[in-house]
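Bear in mind that the values in this text are calculations on the coordinates, not laboratory data. Keep in mind that this is a model prediction, so the values were computed, not measured. Counting neighbours? That spans all protein chains shown, and the Cβs are built from the backbone with ideal geometry, glycine included.
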Ligand code: NAD
Ligand code: ISE
């Protein structure tokens, strides 16, 4: 069976996913695309081998030649498209965030529950990265004993000046929020943000770097450094410390160069290089599960939890204090 995918949003990651589906995913084709920028959509349709261009997300979701929907538009528009796909009974992979407000995430959960089975997967692709999967296997298997602490870093080489202080949690740190919840099988209950001296290579409006401190329901403490103008590359670090050991995310395997009296390995420069294989695995898993009529991967509940923590973290950026995460109890539907 070939899954016919409609893509809403043909910007940076939308076009990457189109290329991924077209060249490296089995069992799927891109049948339709849409973007509020029609010229972009037409260009992407050509790259997808002649997909149809729809006027908007609603038309695309309703199309008979769209079996599954990929949402890669701007975050504030995600909820509308995901709700549309669920109402049409079509599987949907939504890039992070599921929605920018907890209320919209709850609306998606309610719609999915009313439909009767999971249709939504959220694009937290780190869960498909081999290094993170190894961490998950070892932590879950008791390899470090009871987890006590985690140290994480999210470093981007540079960001455009449209990037704002709250995006450090909502756009970047949200990946670690999801990864920590998943690795520890625990929920984050409070958050604090500490802003050190800022880099002189930042924009005036941007607090960069930031330390984000989390506490989980089980009492694990997590520190996350988000530094989005670190200059040297794209560098993701994660280390979990338990009662009997420590485990660290491996750096991507790169050949070692010995020359000019030095030993060195290349550092990825952008997120799409670092997580390219994880994105491939994520898309393939989504297509396979859509073909089998089931859902897999990060759920709408995970999307909700990550947004709820991000919302508290943005409050913490403003208050400077410790902010509690406000979350409903996990519905049995997502157990
Ligand atoms: P982008 O600005 O390059 O592309 C977004 C596109 O969506 C634009 O072309 C815009 O015109 C279009 N768009 C906006 N509203 C629309 C609507 N209602 N209907 C149709 N098209 C619409 O942004 P991007 O970097 O591609 O990011 C898109 C999403 O992907 C964001 O939610 C972002 O957080 C996420 N993202 C995830 C990762 C990751 O590592 N998983 C990386 C980058 C981006
Ligand atoms: C971007 O939206 C992503 O999701 C990348 O993975 C992240 O590293 C970057 O900081 C975000 O802006």
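Of note:
- Put the Cα centre of the range 104-181 next to the Cα centre of the range 203-219 and the gap is 15 Å.
- Principal-axis tilt of helix 174-184 within the chain, Cα atoms, nearest 10 degrees: 70 degrees
- Distribution of pairwise C-alpha distances over the chain, 10 Å bins, in %: 6, 25, 33, 26, 10, 1, 0
- The chain: angle of helix 12-24 to the longest principal axis, Cα-based, in degrees nearest 10: 70 degrees
- Length gained when the stretch residue 77-residue 134 is fully extended (0.36 nm per residue, less Cα-Cα span): 17.1 nm
- Modelled this way, with points 7 Å down the Cα-to-C-beta line, the labels at residue 334 and residue 199 are 3.3 nm from one another.
- Per residue of the chain, the DSSP helices (runs of n ≥ 4 H) give a summed -39500 (n - 2.57) that works out to -10500 deg cm²/dmol at 222 nm.
- Alpha carbon centroid spacing (whole Å) that separates the range 273-312 from the range 229-261: 24 Å
- Using alpha-carbon coordinates, inclination of helix 38-47 to the longest axis of the chain, degrees: 90 degrees
- Estimated FRET transfer efficiency (residue 294, residue 39; beta-carbon r; R0 45 Å; 0.05): 0.75
- Burial ordering of 43, 96, 90, fewest other beta-carbon atoms within 10 Å first: 43, 90, 96
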